[in-house]
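Down below is the structure, laid out as structure tokens.
The values are calculated or read from the model by the stated rules, or taken from the named source; none is laboratory data. As the structure is a prediction and not an experimental result, all values here were calculated from the model. Heads up, the Cβs are rebuilt from the backbone with ideal geometry, glycines too, and the neighbour counts pull from every protein chain shown. These accessible areas exclude ligands, DNA and RNA; they are computed on the full protein's heavy atoms, side chains included. Shrake-Rupley method; radii C 1.70, N 1.55, O 1.52, S 1.80 Å.
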Amino acid sequence: MKRLLWIDISKGLAILVVAYFHFFRTYFQYGVLPPSDWSNLAASALTILRLIWFKVSGLGFHAVGVFIILSGWTLMQSTMRRGESGPVAWGGWYRARFLRLYPMYWVAHLVYLVSPFVARLEPVDNRIILSLLGLRFIDIQLNFMYLNAAWWYFAMLIQFYLIFPLLFWMARRLEPWWFLIIACAAGFFARYILLVVWPQNGLWVLGGFAICRLPEFALGMSLAMWHRQSSARVEWFLLRGPGFVVGLILYPAALQLYHGLYPYIFCDFATGTCCMLEIVGIAGIISLSSAPAKLFGLVGVYSYGLYLIHQPYVIWLGLRIREVPIWMFLLICIPTLAVLSAWGMLLEKGINTLVNKLVSLRKPAHA
């Protein structure tokens, strides 16, 4: 399958934003911005920059929604290509997804257990069995954020993969707009039930019950279909400025959805979509320069590894630099993210190579 470089760049930017957000939250959890100083132009500019930094950094978790959208896009794109030559062999499809997800996920557990410089905030107990299985939504309050809170995403992702054949079947038989409308209706209804009618632990809405995040995933699938129909039009909107401007204009309205229980039903979809428009728009600019495009694209190709291993490291370091000034935190942040990206890349590439070799060794035995 031909990879879209700007998709890889977008994934690279999104995972770096998520890792930065976890680093920022740990470092600045109890921090206070210096008093505002409007005495002169330079002091006023510094005050404004601090406020912008604080507000924008606090929105970093919206990049998770970007990952959900891009996951829907890339999964739909690859499966449509596979379906061009005939019916999709879903048994082989599930096997490929299992080999793609679980080995690296298990290695991330091993890295957490043996690696130095990681924050171990909870004891290792029998909950690790459910974590290794990916079933972190069982007894959700105890297990969903266990050991490495970022792994909740894995529990949501395997649910989407489980129901993907049904979603694929629906998407192929409906127009993208109708599929998106129906998927959004299902997702918003699930959120309404769990938030209003039968209030449950908020972790279910976060992703413990994947249908609550179906609108974002379905948007990605619909975008893949629209891109297939007219790649030039979709890429013009997303990469050449219009999408970025639309996202920037709508973002303040999306943030207002946090105020109130009923508006929050639509909040994750709205903020994730706006954040996606911003990140993909920046990816479009980066893609115009060869060296940065290759660098961020490479991070995106191996974003799964960085996602799985980054949080315990940035928490460990963030707890130790809380007293440093903001400018020093930003200087520390850049090499930290670079080292973690390289480490995640090394692990993921190594595991993928090993799994591919083991699979190829087994093939002659079945012949």
Practice item. Go through 132, 113 for me and flag whichever is in contact (Cβ under 8 Å) with a residue 24 or more places away in the chain and either closer than 26 Å to residue 353 by Cβ or loosely packed, with under 13 Cβ neighbours inside 10 Å (or both). Key: 132
**Study point:** Options 15, 52: the member that is of a type in the set (A, V, I, L, M, F, W, C) and modelled with pLDDT of 95 or more
**Key:** 15
Practice item. Kindly list the number of the only condition in (1) surrounded by fewer than 21 Cβ atoms within 10 Å (Cβ to Cβ); (2) in contact (Cβ under 8 Å) with a residue 40 or more places away in the chain; (3) of a type outside the set (Phe, Trp, Tyr) that fails for residue 185. Key: (2)
Exercise for review: For the stretch 139-175, enumerate the residues that are surrounded by 14 or more Cβ atoms within 10 Å (Cβ to Cβ) and polar (S, T, N, Q).
Suggested key: 143, 148, 159
Check your understanding: Which one is farthest from residue 217 (Cα to Cα) among residues in the stretch 82-108 that are modelled with pLDDT under 90 and either in contact with a Phe, Trp or Tyr (Cβ under 6 Å, 6 or more places away or on another chain) or open to solvent by 70 Å² or more (accessible area, probe 1.4 Å) (or both)?
Key -> 85
Review point. Do you know which of the residues in the stretch 189-205 that are open to solvent by 40 Å² or more (accessible area, probe 1.4 Å) and in contact with a helix residue (DSSP H, G or I) (Cβ under 7 Å, 6 or more places away or on another chain) is nearest to residue 154 (Cα to Cα)?
Key: 204
Check your understanding: For residue 164, which of the numbered conditions (1) more than 14 Å from residue 207 (Cα to Cα); (2) under 19 Å from the mean Cα position of the chain (by Cα); (3) of a type outside the set (Lys, Arg); (4) not in a helix (DSSP H, G or I) fails to hold?
Key -> (4)
Check your understanding: Does residue 288 meet the test of being of a type in the set (A, V, I, L, M) and either in contact (Cβ under 8 Å) with a residue 40 or more places away in the chain or surrounded by 13 or more Cβ atoms within 10 Å (Cβ to Cβ) (or both)?
Key -> no
Point to revise | Any helices (runs of 4 or more DSSP H) falling wholly within the stretch 53-160 and containing at least 2 residues that are farther than 30 Å from residue 360 by Cα | key: 63-83, 127-133, 140-143
Check your understanding: Residues in the stretch 265-275 that are under 15 Å from residue 184 (Cβ atoms) and either in a helix (DSSP H, G or I) or free of Cβ contacts under 8 Å to residues at least 12 places away in the same chain (or both): how many?
Key -> 7
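Yes/no matrix, rows are residues, columns are (1) of a type in the set (D, E, K, R); (2) closer than 22 Å to residue 171 by Cα; (3) assigned to a loop (DSSP other than H, G, I, E, B):
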position: 190; (1), (2), (3): no, yes, no
position: 216; (1), (2), (3): yes, yes, no
position: 248; (1), (2), (3): no, no, no
position: 255; (1), (2), (3): no, no, no
position: 288; (1), (2), (3): no, no, yes
Practice item. Would you check if there is a residue in the stretch 295-304 being more than 24 Å from residue 216 (Cα to Cα), touching a helix residue (DSSP H, G or I) at 6+ places or on another chain (Cβ under 6 Å), open to solvent by 30 Å² or more (accessible area, probe 1.4 Å) and of a type outside the set (D, E, K, R)? Key: no
Point to revise | Single match in 344, 281, 318, 350 (criterion: over 20 Å from residue 53 (Cα atoms) and open to solvent by less than 30 Å² (accessible area, probe 1.4 Å)) | key: 344
Exercise for review: Under 8 Å between Cβ atoms, at least 6 apart or on separate chains: pull out the pairs that start in the stretch 2-14 with a residue that is in contact (Cβ under 8 Å) with a residue 24 or more places away in the chain and end on any residue that is among the small types (Gly, Ala, Ser) and not in a helix (DSSP H, G or I).
Suggested key: 5/287; 6/287; 9/287
